[in-house]
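Have a look at the structure below, then the notes.
The values are calculated or read from the model by the stated rules, or taken from the named source; none is laboratory data. Since this is a predicted model, take the numbers as computed values, not measurements. Quick reminder, even Gly has a Cβ in these numbers, built from the backbone with ideal geometry, and neighbours come from all protein chains shown.
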Amino acid sequence: MNKKILELLKTKYKDLGLSESILKVTADRLARTVKEEAEEAEITQAIESVESELRMYQSFEDRNRTLLKEVKDLKEKLEKNEPTPNPEPNPNPRPNEGNPEPNPMLELLKELKGEITALKSEKIQQTNKEKLTAKLQELGVNENFYKLHIDGKTFENDEQINEFANQLKESQDAFTQSINNDLLKNQSNPLFGDRAVEGQVSADVQDYIKTKFN
């Protein structure tokens with residue numbers, strides 16, 4: 001299913017000029033939500049659902065390409081306009097000669113480099129957020145539980161993503177168990193099943209919790 005979705009993404013969004021790495025990450029995420037036996041209509045709907053997201057990536061890449069071109073052009077201009085060394089420097093320079101005026105082209109070059117770095121960082125964090133969401137869904141963590149925990153969260157690598165996802169899974173399990181135990185303690189006659197055993201989550205209680213918090 002992953003390969004099929006990747007090929008469909010390449011075909012539908014070929015005009016966006018996106019890198020294959022972005023399409024692969026998107027295909028991996030969609031493959032986790034689309035079943036192998038899914039009908040073509042369901043697959044097509046999943047492919048179309050990521051259009052706005054991919055267009056955002058296109059915007060990032062277009063800006064990157066534009067900034068890189070500007071940096072390259074400025075670098076070439078700086079190299080052409082670089083002054084030749086003075087073979088006979090003035091032995092008695094004026095006080096201000098040791099502190100030349102700032103070069104506006106150099107300042108602009110620094111500014112552009114900063115923008116490129118910021119764009120790359122933004123793109124990486126967006127991809128990491130998608131990886132984290134996919135991992136949380138794989139672990140079965142409820143969206144209502146994790147969505148407030150991931151806003152503004154940044155990661156340096158996949159190991160940190162997996163570690164954080166597992167921590168949220170453990171927190172959700174502990175929270176669910178706590179609710180279950182409280183329900184059992186507060187019922188002299190259990191509402192769910194025939195026996196109330198603290199620390200054991202019955203299927204009926206699980207259904208109740210899912211209904212309550214989903």
Condition met for E122 (touching a residue at least 24 places away in the same chain (Cβ under 8 Å), exposed (fewer than 14 other Cβ atoms within 10 Å of the Cβ) and either in contact with a helix residue (DSSP H, G or I) (Cβ under 8 Å, 6 or more places away or on another chain) or not polar (S, T, N, Q) (or both)): yes
Residue match in the stretch 65-82 (condition: assigned by TED's automatic domain parsing to the domain that holds Q125, at pLDDT below 75, part of a loop (DSSP other than H, G, I, E, B) and exposed (fewer than 15 other Cβ atoms within 10 Å of the Cβ)): yes
Answer residue from the stretch 33-51, given it is modelled with pLDDT under 85 and under 23 Å from N128 (Cβ atoms) and is nearest to the chain's Cα centre (by Cα) among those: T33
